[in-house]
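Q: Shown below is the structure under consideration.
The values are calculated or read from the model by the stated rules, or taken from the named source; none is laboratory data. As the structure is a computational prediction, the values presented were derived from the model and not from experiment. Note that we place each Cβ from the backbone using ideal geometry, even for glycine, and neighbour counts take in every protein chain shown.
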Amino acid sequence: MTLVESTEHDGVPLGDHAAGDVRRRFLRDKAAVVGLAFIALLLVLAVFGPWLAPEGLEERNIGQYRDGPSAEHWFGTDDVGRDVFSQVIHGARVSMKVGLLATAIELLIGVSLGAIAGYFGGWLDSLLMRVTDVGLSIPYLVLAVSIAAIYGRNENSVILVLGLTGWLGIIRIVRSSFLALKEREFAEAARSLGFSHARIIFRHLLPNALQPVIVYGTISIGAVVLSEAALSFLNVGAVRPTASWGLMISEAGSGSLANAPHMLFFPGLAITLTVLAFVFVGDGLRDALDPKLRGRE
Amino acid sequence: MTSDVLLSVRGLRTCFRLGDGGDVTAVDGVSFDVRRGEVYAIVGESGSGKSVTAMSIMGLLPTSARVDGEGVLWKGEDLLQARADRMRRLRGKEIAMIFQDPLTALNPVHTVGRQIGEMLRIHENASRKHAKARAIELLDLVGIPNASERADMHPHEFSGGMRQRAMIAMAIACRPDLLIADEPTTALDVTVQAQVFDVLMRIKDEINSAMILITHDLGVVAGTADRVMVMYAGRAVEVGTTDDIYYRSRHPYTLGLLASLPRLDDQGNEQLTPIRGNPPSLVHTPSGCAFHPRCDFAELDGPCVRDRTELLTVGPGHQSACHLSERLEGVTVASMRGGER
């Protein structure tokens, strides 16, 4: 992808030699570092979960239904005897898959369209902005139910729904960056030296517009994880045999709050910590990338 | 028309649409030729249309601008009729521009070497390695020390003068036949200006290209340009060789610009004489000669107020758009200053 190529060419994200400064400022932010460590743990669980979890995805402990936390089952068991601790670990894979893929779709659509709208302006800009307005007026739950009805209830439908609705926020951010950037003299210079529009957009302007996108994208992963849980809870998301935190809460049912709170608490905690981790890292990145704090110019 | 004419601009007219539906004519019927290897200076105040002229030639104006005229002939090809992809290939390869402010004309996120090399990669399909090597050569050529290390640095690590040299290196990377330098040294310190100018002139000779030098500073023109066009309110008011303009000017505006310049042979008793008033608004251009409200020679009951001016030949290759140009023969800056006191 052009985006990745252009930033990696110089070996430094954002083409900024001051990457060391950014890293140092980020590491000073304790919450962001803890968040990053938690995200790293989640990624490990997402990839290696099936080997790390004490019990398999469909493994049931006969006779141990809705048991509370114990030495044997740290997070207790659910109403068909599955180990909740193992289920939470298995659930990380769905959350990360949905979070990363849906955000990737969001960014791909939002960044491309926002760049085009801001750079070319005129009727194209008006058209894309009206499409965005229409998009924002469609409740995503309605879209979610529709897509689940067409493609079936699984996490791929969830990725599609969240990806197809999430870009509406990014397009505006990128558009406004491009509106300002295209007036900068280096954009004009690039045109005067014969660079094509595509090259100017993706290699010259986009790297200058990435900072808010990175921050927004990071926080968006957390938001997507939350939405996935919500959709699964509403039974338009993942279904068994997939383990999903939202689904686990949904299965716990309303009665469990009184007699088996651990079935609600642990998947809920996993969701909350995941969202918090991404928000912390996003905030940390925002501060670390803030040009006003940079030790240059 | 002789064969050594590289660029021939004929009756160029550029209008901008305004929000209220009106039009502003920024360039009004400008014609000039640039020959191979020469330096052609376009001089004027802000808003005189000199930069718009350059942008019109390059086809770089926003869509709110309408460019027409009899033609912009580049080696015989009319650029006003050229397709967008032809223009894109022409820019940078055959005609390259150098911008006023090197602080902002380089992309902050890419290394300087990469930005220079990119020219060769898009116009000459150079390999990444070859482009890098050429970029270092070019940086060396424009007088940047330690070029191979400097190539890996970002623009903010360069001083102003070095950035403008880097811009020059970018512009000459493909050995264009014509360089358009739009106020190339205005944003730099005076001492650095001279250095950058030297580099620019040396490079121009080395790659044997012609140059259009756009400036508001007649002092810059003196040592460098072969011919000069003075613009005022979107029109050419005087055209001639550099000597014509400096020593035999036949236009009150040119004389006014010269009178506002400090001179090296100044004995310390001469005052700089600014041109009174402000450049005219292009929306309400004065009647008759656009310069008459500011002109010391204008006859307010004569043709100056009544009739539009046309360029009239006042000498070989020397034209002036002044109703009173005949009367200005022999008028010099010194006599103007003397006459005012």
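Quick grid of which residues meet (1) touching an Asp or Glu at 6+ places or on another chain (Cβ under 7 Å); (2) more than 30 Å from A:Arg191 (Cβ to Cβ); (3) hydroxyl-bearing (Ser, Thr, Tyr):
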position: A:Ala104; (1), (2), (3): no, yes, no
position: A:Tyr119; (1), (2), (3): no, no, yes
position: A:Asp125; (1), (2), (3): no, no, no
position: A:Asp133; (1), (2), (3): no, yes, no
position: A:Leu143; (1), (2), (3): no, yes, no
position: A:Ile147; (1), (2), (3): no, yes, no
position: A:Arg153; (1), (2), (3): no, yes, no
position: A:Arg175; (1), (2), (3): no, no, no
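Q: Among the residues of segment A:148-164, is any in a helix (DSSP H, G or I) and within 14 Å of chain B (Cβ to nearest Cβ)?
A: no
Q: Return a yes/no flag: does segment B:47-62 have any residue that is part of a loop (DSSP other than H, G, I, E, B), in contact with a Gly (Cβ under 8 Å, 6 or more places away or on another chain), within 23 Å of B:Thr309 (Cα to Cα) and not assigned by TED's automatic domain parsing to the domain that holds B:Leu311.
A: yes
Q: Of all residues in segment A:38-67 being in contact with a Lys or Arg (Cβ under 7 Å, 6 or more places away or on another chain) and not charged (D, E, K, R), which is nearest to A:Met96 (Cα to Cα)?
A: Per the criteria, the residue is A:Ala46.
Q: Another question, if that's okay. When the residues of segment B:63-75 are filtered to those that are within 22 Å of the chain's Cα centre (by Cα) and assigned to a loop (DSSP other than H, G, I, E, B), which remaining residue is nearest to A:Gly194 (Cα to Cα)?
A: Among them, the one singled out is B:Lys75.
Q: Still on this model: Could you check, for segment B:35-53, whether at least one of its residues is under 24 Å from B:Ala173 (Cα atoms), within 14 Å of chain A (Cβ to nearest Cβ) and of a type in the set (Lys, Arg)?
A: For segment B:35-53, residues under 24 Å from B:Ala173 (Cα atoms), within 14 Å of chain A (Cβ to nearest Cβ) and of a type in the set (Lys, Arg): absent.
Q: When B:Tyr246 is evaluated against the numbered criteria (1) at negative phi; (2) assigned to a loop (DSSP other than H, G, I, E, B); (3) surrounded by fewer than 22 Cβ atoms within 10 Å (Cβ to Cβ), which criterion, by number, is the only one it fails?
A: For B:Tyr246, the exception is condition (2).
Q: Working carefully through the options A:Ala40, A:Ala46, find the one that is among the aliphatic types (A, V, I, L, M), exposed (fewer than 13 other Cβ atoms within 10 Å of the Cβ) and part of a helix (DSSP H, G or I).
A: The conditions single out A:Ala40.
Q: Which of the residues spanning segment A:69-102 are of a type in the set (Ser, Thr, Tyr) and under 14 Å from A:Ala270 (Cα atoms)?
A: A:Ser86, A:Ser95
Q: Looking at (1) in a loop (DSSP other than H, G, I, E, B); (2) within 21 Å of B:Val52 (Cβ to Cβ); (3) in contact with a His (Cβ under 8 Å, 6 or more places away or on another chain), which is the only condition B:Ala225 fails?
A: Here B:Ala225 meets the rest and fails (3).
Q: Out of B:Gly47, B:Gly37, B:Gly59, B:Gly29, report the one residue that is among the small types (Gly, Ala, Ser) and free of Cβ contacts under 8 Å to residues at least 40 places away in the same chain.
A: Step by step, each of B:Gly47, B:Gly37, B:Gly59, B:Gly29 is checked, and only B:Gly59 is among the small types (Gly, Ala, Ser) and free of Cβ contacts under 8 Å to residues at least 40 places away in the same chain.
Q: Have a look at A:Ile214, A:Ile219, A:Ile200 and point out the one that is in a helix (DSSP H, G or I), within 14 Å of another protein chain (Cβ to nearest Cβ) and buried (at least 18 other Cβ atoms within 10 Å of the Cβ).
A: Result: A:Ile200 is the single residue among A:Ile214, A:Ile219, A:Ile200 that is in a helix (DSSP H, G or I), within 14 Å of another protein chain (Cβ to nearest Cβ) and buried (at least 18 other Cβ atoms within 10 Å of the Cβ).
Q: While we're on this one: B:Glu238 fails exactly one of the following numbered conditions: (1) in contact with a Gly (Cβ under 9 Å, 6 or more places away or on another chain); (2) not assigned by TED's automatic domain parsing to the domain that holds B:Leu12. What is the number of that condition?
A: Condition (1) is where B:Glu238 drops out.
Q: What residue, of A:Leu206, A:Leu193, is within 10 Å of chain B (Cβ to nearest Cβ) and touching a strand residue (DSSP E or B) at 6+ places or on another chain (Cβ under 8 Å)?
A: Checking each option against the conditions leaves just A:Leu193.
Q: Filter segment B:76-105 down to the residues that are within 11 Å of chain A (Cβ to nearest Cβ) and free of Cβ contacts under 8 Å to residues at least 40 places away in the same chain and list them by number.
A: Hits for segment B:76-105 are B:Ala84, B:Asp85, B:Arg86, B:Met87, B:Arg88, B:Arg89, B:Leu90, B:Arg91, B:Thr104.
Q: On the phi > 0 side of the Ramachandran plot, assigned to a loop (DSSP other than H, G, I, E, B) and basic (Lys, Arg), is that true of A:Arg60?
A: no
Q: Filter segment B:15-46 down to residues that are in a loop (DSSP other than H, G, I, E, B) and of a type outside the set (D, E, K, R) and give me whichever is surrounded by the most Cβ atoms within 10 Å (Cβ to Cβ).
A: B:Gly44
Q: Mind checking which residues of segment A:23-37 are within 17 Å of the chain's Cα centre (by Cα) and closer than 13 Å to A:Gly282 by Cβ?
A: Of everything in segment A:23-37, those that are within 17 Å of the chain's Cα centre (by Cα) and closer than 13 Å to A:Gly282 by Cβ turn out to be A:Ala32, A:Gly35, A:Leu36.
Q: Let me ask something else about it. What residue, of A:Ala243, A:Ala230, A:Ala180, A:Ala258, is within 14 Å of chain B (Cβ to nearest Cβ) and hydrophobic (A, V, I, L, M, F, W, C)?
A: A:Ala180
Q: Would you kindly identify the helices (runs of 4 or more DSSP H) lying entirely within segment B:109-152 that contain at least 3 residues that are within 13 Å of chain A (Cβ to nearest Cβ)?
A: B:112-124, B:128-141
Q: Go through segment A:222-243 and give me each residue that's touching an Asp or Glu at 6+ places or on another chain (Cβ under 7 Å) and buried (at least 21 other Cβ atoms within 10 Å of the Cβ).
A: A:Gly237, A:Ala238
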